[in-house]
Every structure is written in C-alpha cells, then in structure tokens.
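Undergrad: Below you will find the structure I want to go over with you.
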Amino acid sequence: MIKQTEILLAACTRGFHLITNEVMSQIEPLPSEGLLHLFIKHTSAGLAINENADPSVRVDFEGFFNRLVPEGLPFLTHTIEGSDDMPAHVKAVLSGASVTIPISGSKLNLGTWQGIYLCEFRNYGGRRKLVATVYF
Amino acid sequence: MIKQTEILLAACTRGFHLITNEVMSQIEPLPSEGLLHLFIKHTSAGLAINENADPSVRVDFEGFFNRLVPEGLPFLTHTIEGSDDMPAHVKAVLSGASVTIPISGSKLNLGTWQGIYLCEFRNYGGRRKLVATVYF
Amino acid sequence: MIKQTEILLAACTRGFHLITNEVMSQIEPLPSEGLLHLFIKHTSAGLAINENADPSVRVDFEGFFNRLVPEGLPFLTHTIEGSDDMPAHVKAVLSGASVTIPISGSKLNLGTWQGIYLCEFRNYGGRRKLVATVYF
C-alpha cells in the first residue's frame, strides 16, 4: 500500500534546518510498520538526517559545506544565476534529494538524536516542495 | 507489488550525464502511484538527481568533484588500477549508488528542473548496469 | 509486504568496514524479489556501498574523508564532544544514513565488486544499531 502527500515547507534562510515536526504535521497518521520516503523537488536544496539537539551542529554544517564547495571558483562556467547557484547544485548532490526512514510501532524509527534536515543552499530559496510517500 | 528490470546504459565519457529518457525508455509504463528505485551495480560510478536544462551545470559538476577528490594524492595506497580509480570510488560514495523517485499520476514526480544523472567517474567506464525496481 | 529487523553490529574501529555478511546473517531469508532498506540510527556513522575486495580501498576512504572534513578547523562552534565529533556528523551526511539494495532471485542484486560499508566516523563509536526493512 502507498500513500502520497505533497508538502510545501515554510521558506528557510540559507543553512540547515530541522523539519521533522513540520513534515509530520502535514502527513496522515503513520501505519504500524513501513517506510517513509521524502523527496525534494528542487536542485539547489537537499534533505538529510542528522543531530536534532544542539543548534551549533547545524551552524557548523553550513560552515563545512561552504568550505567543501566554495563560491567564486575560477573554473566555473554556470554563473548566470548568481554565485550561490552552482555550489548549491553540488551541495544538493552531496546531501541527496531524498531520505527513507523506517516506520515501526506507528512512529518514525529514528535514533534518539536523529531529525530530518532541510538543507537550504540558496541565499533566497523560497518555499520548497516535498513529496512524502508512505509504503506499508 | 514489485516490478524489476535490468538496464544496460550506453557507455558515457567521464562526467555527469542526463539519463532520464534512456532509463524511462527501458522500463514498462509506470503504475499510477508508487516509487522508482534505480541502483547502479558499480563502485566507480554513481547516480544522482539534479538540473536537467543548462549543460554548463554538468560541466561544473565534473570540475567540483575533481576538486573535492583529486587524483594523485600522496597518502593513497590503492593505486594499481590507475590514478582515476580510487577517486572514483570516493566520488561514488559521495553521489550514492541509488536514487528513489516518487511516481504520481503514472509519471515520475520530479521537479521542473530535475533529471536523473549518471555520474561516470572513470576515464573509460564502459557500459553501466542498473537495476530498476518499481513498487506500487 | 514488509519485514523489519533491528540489528546490533559489533563495535568497529574508526574507518570503513565491510558488513555485508554480518547484516545478512541477522535477517531472515530474502524473498524472491524486492528491496532491502538499511538505516543507521546514529548521526556520526553512515552506510554506503562500495568495493568489497581490496582492503586498501577502505584505507584510502578513511584518508579521503579526513581530507574532505578535517578536524580542528577554526570556524567550528560544536566542539564540546571532541574534535572527531562535528566532522563525524558532516561525514555521516556525505555518506548517508541508509542504503537501498534490490533483491532478485532471493539474493541481494549487488554488482560483483559491491559490498555494504559501515562508515564509522567516531574514534570510539561503540556498537551501532541498524533497522533492516525488506519489502516485497
């Protein structure tokens, strides 16, 4: 069985954001056992799973990703959409466009410290669309 | 329900290549709702989802990935298969071996600008095998 | 149909480790066709798929990941849990928290050279918990 929902997230500033609650509030109650697949319909933002507690972790994610994929490198050819654009595409591939999470006992079976991240790589990305697919 | 197909891609030059049409032409018509999982059976090429329009994006992906994972670093021990080999393994983990895409209304529910990439990290990778699994 | 199992891995040293056999020995016989989803319930270790033969590949993965995400960078703010902690979070996003592998003919349909990696990014990560979900 499959249940699908489109989700429109609130706009986020550039950086890494915990969206577990925002996602869960927009989908129907989970089945007892299965998988939740979340897919982002954009090429300059990503989804990931990481630490849900100390906000300093999300700050350092932004620092590390900027160090991994800097803006303004001399070899770039795709520069027409701004200096944050092409690096955002690369970061989106590094983080990934989807996450899949087990559902057990009608809850997401995440570890204690895990949450779902929206990785917003554009300076002004606007509202991002997700597709949530629950299969059970 | 599950439907599986093995796909043999045409050989690609080193770099990032749009394969959405090549993949879709080799699998059966999609069900109304579900998920498509694509898996690459190789360790020096990857799959990703990113921008399907301007080819300069794919050029810069190659530049960025080479900057992230350069060839010829002095600490390398796995050098017997050529200088492009070990970096290709690392890049394959960074991009990932599979993508999962929602199916809605009997189509891939991709964003307007999204396409499926074959990330070919070897100089001469040859034809690459995928497994396509549709579940619905 | 869905079958879920929690798996507790043996503790691993920091680095990249082949766990295909350890995982398969802890789940029930596979169905004829389907998908295996493995999810790691931690934020400083990851899962990946890569080369299962020459151990020097795994050695160089450790070297490359340390080069990509070094310890002790001056911009870090999340330093309270040790110098290996924040880099481990970033590496975990780069590798990913889950892998999904096709099942065909009651076996994992991996390429000849592919195996499942536990990517242990902490110096002392301890035993790691996975959730295995088979759907068919």
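The values are calculated or read from the model by the stated rules, or taken from the named source; none is laboratory data. Here the structure is a predicted model, which is why all the values come from computation and not from measurement. Quick reminder, even Gly has a Cβ in these numbers, built from the backbone with ideal geometry, and neighbours come from all protein chains shown. SASA here: full protein model, heavy atoms, side chains in, ligands and nucleic acids out. Shrake-Rupley method; radii C 1.70, N 1.55, O 1.52, S 1.80 Å.
Undergrad: Identify all residues within region C:1-25 that are among the small types (Gly, Ala, Ser) and within 20 Å of C:LYS107 (Cβ to Cβ); write none if there are none.
TA: Hit for region C:1-25 is C:SER25, nothing else.
Undergrad: Is region B:59-73 home to any residue that is in a strand (DSSP E or B) and at pLDDT 95 or above?
TA: No, there is no match, as no residue in region B:59-73 is in a strand (DSSP E or B) and at pLDDT 95 or above.
Undergrad: Picking from B:GLY72, B:GLY82, which residue would you name as being open to solvent by 20 Å² or more (accessible area, probe 1.4 Å), closer than 15 Å to B:THR43 by Cα and more than 12 Å from chain A (Cβ to nearest Cβ)?
TA: Exactly one of B:GLY72, B:GLY82 is open to solvent by 20 Å² or more (accessible area, probe 1.4 Å), closer than 15 Å to B:THR43 by Cα and more than 12 Å from chain A (Cβ to nearest Cβ), namely B:GLY82.
Undergrad: Another one. Suppose we filter A:ILE80, A:ILE103, A:ILE27 for residues that are in a loop (DSSP other than H, G, I, E, B) and farther than 25 Å from B:CYS119 by Cβ; which single one remains?
TA: Only one candidate passes the filter, namely A:ILE27.
Undergrad: Next up: Which residue, of C:ARG122, C:ARG128, is more than 13 Å from chain B (Cβ to nearest Cβ), under 18 Å from C:HIS17 (Cα atoms), under 10 Å from the mean Cα position of the chain (by Cα) and touching a residue at least 12 places away in the same chain (Cβ under 8 Å)? Steps first, please.
TA: Values: C:ARG122 fails: under 10 Å from the mean Cα position of the chain (by Cα).
Selected residue: C:ARG128, the only one of C:ARG122, C:ARG128 that is more than 13 Å from chain B (Cβ to nearest Cβ), under 18 Å from C:HIS17 (Cα atoms), under 10 Å from the mean Cα position of the chain (by Cα) and touching a residue at least 12 places away in the same chain (Cβ under 8 Å).
Undergrad: Take the residues in region A:92-119 that are more than 13 Å from the chain's Cα centre (by Cα) and free of Cβ contacts under 8 Å to residues at least 60 places away in the same chain, then tell me which one is surrounded by the most Cβ atoms within 10 Å (Cβ to Cβ).
TA: Only one residue fits best here, namely A:ASN109.
Undergrad: Next question. Show the residue pairs that are 6+ apart or on different chains and have beta-carbon atoms under 9 Å apart, the first residue being within region A:14-40 and within 14 Å of another protein chain (Cβ to nearest Cβ), the second being part of a loop (DSSP other than H, G, I, E, B) and hydroxyl-bearing (Ser, Thr, Tyr).
TA: Partner pairs satisfying both residue conditions: A:LEU30/A:SER106; A:PRO31/A:SER106; A:SER32/A:SER106; A:GLU33/A:SER106.
Undergrad: Modelled with pLDDT of 95 or more and either touching a Phe, Trp or Tyr at 6+ places or on another chain (Cβ under 7 Å) or open to solvent by less than 30 Å² (accessible area, probe 1.4 Å) (or both): is that true of B:ASN52 in this structure?
TA: When the stated conditions are applied, B:ASN52 passes them.
Undergrad: Considering each residue of region B:41-65, count those that are free of Cβ contacts under 8 Å to residues at least 12 places away in the same chain and within 14 Å of chain C (Cβ to nearest Cβ), and give that number.
TA: Within region B:41-65, residues that are free of Cβ contacts under 8 Å to residues at least 12 places away in the same chain and within 14 Å of chain C (Cβ to nearest Cβ) number 1.
Undergrad: How many residues does region C:1-17 hold that are open to solvent by 10 Å² or more (accessible area, probe 1.4 Å) and not in a strand (DSSP E or B)?
TA: Number satisfying all stated conditions: 6.
Undergrad: Does A:SER44 count as among the small types (Gly, Ala, Ser) and over 15 Å from B:GLU51 (Cα atoms)?
TA: Details: among the small types (Gly, Ala, Ser): yes; over 15 Å from B:GLU51 (Cα atoms): no.
Judged against the criteria, A:SER44 is not a match.
Undergrad: Give region A:85-98 a look and list any residue that's more than 7 Å from every other protein chain (Cβ to nearest Cβ) and in contact with a strand residue (DSSP E or B) (Cβ under 9 Å, 6 or more places away or on another chain), or say none.
TA: Passing the criteria: A:ALA88, A:LYS91.
Undergrad: Out of the residues in region A:18-43 that are within 21 Å of A:LEU8 (Cβ to Cβ) and open to solvent by less than 10 Å² (accessible area, probe 1.4 Å), which is farthest from the chain's Cα centre (by Cα)?
TA: A:LEU36
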